[in-house]
Every structure is written in structure tokens, then in C-alpha cells.
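Visitor: Structure incoming, see below.
The values are calculated or read from the model by the stated rules, or taken from the named source; none is laboratory data. Since this is a predicted model, take the numbers as computed values, not measurements. Neighbour counts run over all protein chains shown; Cβ positions are idealised from the backbone, glycine included. Side chains included, ligands, DNA and RNA excluded: accessible areas come from the protein's heavy atoms. Shrake-Rupley method; radii C 1.70, N 1.55, O 1.52, S 1.80 Å.
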Amino acid sequence: MSSVELNQPVPDFEAPATGDQTIRLADLRGKNVVIYFYPKNNTPGCNAEGEDFRDNMKEFTELDTEILGVSRNGLRAHENYRQKFEFPFHLISDKEEELCRLFDVIKLKKLYGKEHMGIVRSTFLIDRDGVLRQEWRGVKVPGHVEEVLEAVKAL
């Protein structure tokens, strides 16, 4: 499967998520969908990003927009993380990296001089018809959620 492209329909996918759910993109047609990929639960940048989405959830909901967080953490870790930070949206466990590959967010990263393959913080905005309308790659957390919210308003 090739990766997603701007202004093209996003291929349907199924993925396990918190709340004992399977998220299917096709089931979300008719709503805007924001999918944000983050490296790891319980790290400062990821916590801040999740909290920003949580704190703006009312506005996203009013704009008929679903928020989904994705990392390679397992479901139990996601359930605990979601509860700890009271995230009102679901987290997808992508241990097999299928969504990461579809959205092309796994890249070679350097940490303390060591190289490893990891998730590059990225966000994707899919419109009501399932078309990718905007992408943010290599996201810096401060101000990011506000940018995403403005993009949703502009749809």
C-alpha cells in the first residue's frame, strides 16, 4: 500500500483503539478526522500535545471533527495514558506500524547520538468525504493544535 497524498482519498483502514474499539475510517465518513501521530506515551511533548487536543476538544466537536491519537504503544498502556490525562478522544495502538507506514511517519531519528527508527510527530486532517486536506510533519507542539483548529474551520 502506498502512502497518503494531499487532496486524495485516504485508503480505508481498521485499527485497534482504546475503549475496546476497532476504528474504521469508513465509519467516520461525514465527519472531519484529525489523526495525530506521536512518538510515545508519557513523554513531555506527547503529553503536552494530547493535553492541547483535549483542551480544545469542545471546539473540534462543534466542528464535527473526530480526534485520534496514534503511537506504537500497546492498548493497555494507551488505556492508562488516556485515563491519566482524561483524553476525551481515542488512542490507536499501531504496534505493527501499518498506519505509520500508510501515513509515512516512521523515519530514522537520532537521540543522544544513537540512531533508531521512530515516529516523527505528524498530524493529518481528513475531510468529511475521506480526502486528505492537510498534513503537518515534524510538528513542534506549541501552537500546533490551534493551527489544526484553524484548518478545520477553513474546510
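Visitor: In region 96-124, what residues are open to solvent by 100 Å² or more (accessible area, probe 1.4 Å), charged (D, E, K, R) and over 14 Å from the mean Cα position of the chain (by Cα)?
Guide: Correct list: Glu96, Lys110, Lys114, Glu115.
Visitor: List the strands (runs of 3 or more DSSP E) that sit entirely inside region 91-155 and contain at least 1 residues that are basic (Lys, Arg). Walk me through it before giving the result.
Guide: Values: elements: 106-111, 114-119, 122-126, 132-137.
Answer list for region 91-155: 106-111, 114-119, 132-137.
Visitor: Out of the residues in region 55-68 meeting the condition of being outside any helix (DSSP H, G or I) and not hydrophobic (A, V, I, L, M, F, W, C), tell me which one is surrounded by the most Cβ atoms within 10 Å (Cβ to Cβ).
Guide: Among those residues, the one meeting the criterion is Thr65.
Visitor: Could I ask something else about it? Kindly list the number of the only condition in (1) in contact (Cβ under 8 Å) with a residue 60 or more places away in the chain; (2) over 17 Å from Val148 (Cβ atoms); (3) surrounded by 13 or more Cβ atoms within 10 Å (Cβ to Cβ) that fails for Asn80.
Guide: (1)
Visitor: Could you tell me how many of the residues in region 1-20 are in contact with a Ser or Thr (Cβ under 9 Å, 6 or more places away or on another chain), of a type in the set (Gly, Ala, Ser) and farther than 20 Å from Gln83 by Cβ?
Guide: 0
Visitor: Then there's this: Could you grab me the full set of residues in region 28-54 that are loosely packed, with under 13 Cβ neighbours inside 10 Å and either within 21 Å of Glu135 (Cα to Cα) or basic (Lys, Arg) (or both)?
Guide: Gly30 - this is the single residue of region 28-54 that is loosely packed, with under 13 Cβ neighbours inside 10 Å and either within 21 Å of Glu135 (Cα to Cα) or basic (Lys, Arg) (or both).
Visitor: Moving on to the next point. Restricting the search to region 132-155, which residues are open to solvent by 60 Å² or more (accessible area, probe 1.4 Å) and of a type outside the set (D, E, K, R)?
Guide: Selection gives Gln134, Pro142, Ala154, Leu155.
Visitor: Considering region 2-20 alone, what residues qualify as being open to solvent by 20 Å² or more (accessible area, probe 1.4 Å) and part of a strand (DSSP E or B)?
Guide: Pro9, Glu14, Pro16
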